[in-house]
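Right, one structure below, let's go through it.
The values are calculated or read from the model by the stated rules, or taken from the named source; none is laboratory data. If you're wondering where the values come from, they're calculated on a predicted model, not measured in any experiment. Cβ: placed from backbone, ideal geometry, glycine included. Neighbour counts: every protein chain shown. Surface areas here come from the heavy atoms of the whole protein model, side chains and all, with no ligands, DNA or RNA. Shrake-Rupley method; radii C 1.70, N 1.55, O 1.52, S 1.80 Å.
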Amino acid sequence: MAGSNPNAKPMDLTLKVWRQRNRTADGQLVDYQVKNISPDMSFLEMLDVLNEDLLHKGEDPVAFDHDCREGICGSCNLYINGRAHGPEPGTTTCQLHMRKFKDGDTIVVEPWRAAAFPVNRDLSVDRSAFDRIIQAGGYVSVNTGGVPDANEIPVPKSIADRAFDAATCIGCGACVASCKNASAMLFVSAKVSQLALLPQGQVERKTRVENMVAQMDKEGFGACTNIGSCAAECPVGISLENIAILNREFLAAKATSNNLA
Amino acid sequence: MKLDAKIPEGPLAEKWEKHKFNVKLVNPANKRKYDVIVVGTGLAGASAAASLAELGYNVKAFSFHDSPRRAHSIAAQGGINAAKNYQNDGDSVFRLFYDTIKGGDYRAREANVYRLAQVSVNIIDQCVAQGVPFAREYGGLLANRSFGGAQVSRTFYARGQTGQQLLLGAYSALMRQIAYGKVKMYNRTEMLDLVVVDGQARGIITRNLITGEIQQHAAHAVVLATGGYGNVFYLSTNAKYSNATAAWRAHKKGALFANPCFTQIHPTCIPVSGDYQSKLTLMSESLRNDGRVWVPKTVEMAERLRKGEIRVSDIKEEDRDYFLERKYPAFGNLVPRDVASRNAKMMCDEGRGVGASGLAVFLDFSEIIQRIGVEGVSQKYGNLFAMYEKITDENPYEMPMRIYPAVHYTMGGLWVDYNLQTNVPGLYATGECNFSDHGANRLGASALMQGLADGYFVIPYTIGDYLANTPPKPVTTEHPAFQEAEAQVRERLQRFMGINGTRTPDEFHKALGHIMWEYCGMARNAEGLQHAKQAIQQLRKEFWSDLKVTGLNEELNQTLEKAGRVADFLELGELMVDDAYNRNESCGGHFREEYQTPEGEALRDDENYAYVAAWQYQGDNVPEVLHKEELTFENVKLTQRSYK
Ligand SMILES: Cc1cc2nc3c(=O)[nH]c(=O)nc-3n(C[C@H](O)[C@H](O)[C@H](O)COP(=O)(O)OP(=O)(O)OC[C@H]3O[C@@H](n4cnc5c(N)ncnc54)[C@H](O)[C@@H]3O)c2cc1C
Ligand code: SF4
Ligand code: FES
């Protein structure tokens, strides 16, 4: 069924897409025309159309990351017309629909640009730096088994809800891509505050924040200068409050522990 | 071949305890002498990899994703079951066991399912200890909701993002072990073959998806946690990359594939909107707690609605047919998925479907909105409502959702015994990748439970039993079986690159999906299945002569990746059709039109089909051989499932 908008007309669009063969190659924007795009298509379905077209012509399709196409896996990561995940607030690239564009539009599609996220090919980037930051301390050190009953430690609903809000970060990297310093503070702070809020996270509270921040710096992410474009572009609404919590946690840890040299 | 499920002796409730005592242990100092490969780091794989590493084994973990956090498990919405009985509403391990066996239409093993129900309670403890922010009540204790096929509230949840929170929990445990150096993680690395040495699983062949490099990896045991194969149908609620390659390659190396035709069609998904559609989006089953499913009472009214002559609001209350509540008063909108899906299809087949295509029914929230207000509903389902609106451009607070069934989950998978070991010694399968616990239909919120049960609480015990009998000598890739498997992988990749035809992998995939949905989907019959078999064989021929792949192997080449996955789907699809054809009964998600009760319910044939169908590969284009594992039921009585 032609979705919600049966009268909406198919669109013809010009795309300017970043093409780069591999990590070390030079890249450039290349122009493509796509025709007959339904407004009910998702942005990635529109790219599927382009890719099928290229393949039929014997050209290499555009590489891009995606998987769930439901806004939850954090794979998709396109910089569209100068904005991380495109024009619609609170929306991942895969949930962006073509009804947000007009017939005849030119759309510029680029990868995340940050020194810590090297390009694999075209629009696909390497975000393994995020995993390494989590490895530095983004967990509670419990082994499988031997843990208390789940209801043994009550957690006030308001705290559980706030921890949940922070925990919904999908690890997409839009915060980094939209920050002029390419800072990863929002991502790191989301995990730090989730675990700082919950009783289970208390034991390692200090080492965690120190180690994660140290790893973040090591990965080459920039400093946070409190501009807030990260939170504005975050598709799941991770709030700036988390950065405030991180700063507080970090200062408290530094003031009272010798955990790090 | 004699299939031995290795179910421990003794009363149902004591089997697992006894078994844990009887299995051999690897002494702590020796554990680091064993290498274990875990392929897949979704819920089942990440939990297994972390737990095995904690025990001291050296783990190599593989995922084709760029990070374990992206696995398909992340998308699970509604919740996870556990027999905690926190609500004091009569739940128990036995009740969860019973509901699961009955929900699976008596086609699962009692012993496995009972163990699943037993360890379910530990899962919730584990997740909470990791910092998983489950929903809570005002008193600070954990909240529960109900799910289909159950009359108690035993589902734990984290808003509509339960899979995300559970996976991030398992992921954090895995990251911790990576930091300790106990797990070596290979991201963006796809397993393309299994290596079997002297009848035992000894390693895998992989391709680095960024560089195209082919590698050999050896280990004392291999665990496949590679997810389900619902994407055979092209359109499904599965993530785009979910595929069957790892399981299928293992199958071709000797592992039996069980009940391939048991696929779950989920009743509440956003309907297809056009040919370009790349996947279908689930609206969580939890919505059926409060949403009421209906269609117009008459065909005539449905037609006028479809044509836009009348609006939803013009249909009076008495002209709405809440068909699930009408037909199944005891369970109402919370009947199991197979029943809900089939009834939605029936309504549409009768001509009472809604939406322009007529392939949809309403899921209506007006009553709950009146009862608890928009704010209250948004608290419960906000993210799902927002997702619906983003995709359809319609506001479900004002208009009922339109939903239609879609392929969602595969109960079939690699055959495993009680230890989760396949018939190939040293090869294990966990999570959606195996067939073990859900019979012919899975209950909502039970896949997350099974994946984590397998990974945290079963495999860590059972794999030790095997390893304790394996000498702790280092394993290498020296054996010719590695060279052979690598050569086959290379040859296949080259074949894809060399065909130079005209059709893309996606075009073949869509064509296959069409055949599968039409003839091996929600309803099947002998004639259709025979037709499908020929059509798939024909399509496979065309694939191997007319495929188009550009670029090189030695680079990130998503078309080449896709080609390999579609090639495997084209073989698995045929086996699914064979299995559906063989099973002359209806049970759970497998509905053969020839076998139904006068009311149109599934008609089982327990006398002849109370078995697991386990298929053995014989060579390309040679019919597979069927092995039967008879199912015996000592603790439940087989009855026709009734949700009335
Ligand atoms: C939209 C949706 C909602 C759901 N909601 C619920 C719910 O509320 N409750 C519930 O219980 N269940 C739910 N399910 C089902 C449940 O999410 C899945 O069954 C479960 O998460 C599967 O977990 P898994 O670990 O077995 O596999 P997956 O999460 O699919 O993980 C597979 C892993 O294997 C890797 N892999 C696969 N093949 C290869 C290969 N060849 N080489 C290398 N790596 C490979 C992948 O990279 C990935 O890491 C839902 C499913 C869907 C689609
Ligand atoms: S904080 Fe937001 S933008 Fe940054 S990674 Fe998480 S979800 Fe993406
Ligand atoms: S593809 Fe998963 S969030 Fe976009």
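Tabulated results
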read-out	value
Verdict on B:Ala48 being under 21 Å from B:Val636 (Cα atoms) and within 14 Å of another protein chain (Cβ to nearest Cβ)	no
Filter result for the condition that a residue is open to solvent by less than 10 Å² (accessible area, probe 1.4 Å) and more than 17 Å from the chain's Cα centre (by Cα), over B:Ala29, B:Ala13, B:Ala49	B:Ala49
Complete set of residues in the range A:149-163 that are at the interface with chain B (Cβ under 7 Å from one of its Cβ atoms) and open to solvent by 10 Å² or more (accessible area, probe 1.4 Å)	A:Asp149, A:Asn151, A:Pro154, A:Pro156, A:Lys157
Positions within the range B:600-619 being surrounded by fewer than 18 Cβ atoms within 10 Å (Cβ to Cβ) and in contact (Cβ under 8 Å) with a residue 40 or more places away in the chain, in sequence order	B:Gly600, B:Asp606, B:Gln616
Helices (runs of 4 or more DSSP H) completely within the range B:89-198 that count 3 or more residues being assigned by TED's automatic domain parsing to the domain that holds B:Ser284	none
Matching residues, the range A:58-87, being within 13 Å of ligand 3 (Cβ to nearest atom), more than 8 Å from chain B (Cβ to nearest Cβ) and assigned to a loop (DSSP other than H, G, I, E, B)	A:Phe64, A:Cys76, A:Asn77, A:Leu78, A:His85, A:Gly86
So A:Thr92, is it within 16 Å of ligand 2 (Cβ to nearest atom) and in contact with a Gly (Cβ under 9 Å, 6 or more places away or on another chain)	yes
Residue in the range B:281-288 that is among the basic types (Lys, Arg), farther than 30 Å from B:Glu318 by Cβ and either outside the structural domain of B:Pro396 (by TED's automatic domain parsing) or within 14 Å of ligand 1 (Cβ to nearest atom) (or both) present	no
Residue list for the range B:280-308, restricted to those being within 13 Å of chain A (Cβ to nearest Cβ) and touching a Phe, Trp or Tyr at 6+ places or on another chain (Cβ under 9 Å)	B:Leu280, B:Thr281, B:Met283, B:Ser284
Residue check, A:Gly145 open to solvent by 10 Å² or more (accessible area, probe 1.4 Å), within 11 Å of chain B (Cβ to nearest Cβ), in contact (Cβ under 8 Å) with a residue 12 or more places away in the chain and assigned to a loop (DSSP other than H, G, I, E, B)	no
Flag if A:Cys94 is within 18 Å of A:Ser38 (Cα to Cα) and within 12 Å of chain B (Cβ to nearest Cβ)	yes
Subset of the range B:344-376 (residues that are assigned to a strand (DSSP E or B) and of a type outside the set (A, V, I, L, M))	B:Phe362, B:Asp364
Qualifying residue in the range B:456-470 (condition: surrounded by fewer than 24 Cβ atoms within 10 Å (Cβ to Cβ) and acidic (Asp, Glu))	yes
Candidates B:Ala239, B:Ala201, B:Ala255 - the one that is touching a residue at least 24 places away in the same chain (Cβ under 8 Å), assigned to a loop (DSSP other than H, G, I, E, B), more than 16 Å from ligand 3 (Cβ to nearest atom) and not β-branched (Val, Ile, Thr)	B:Ala255
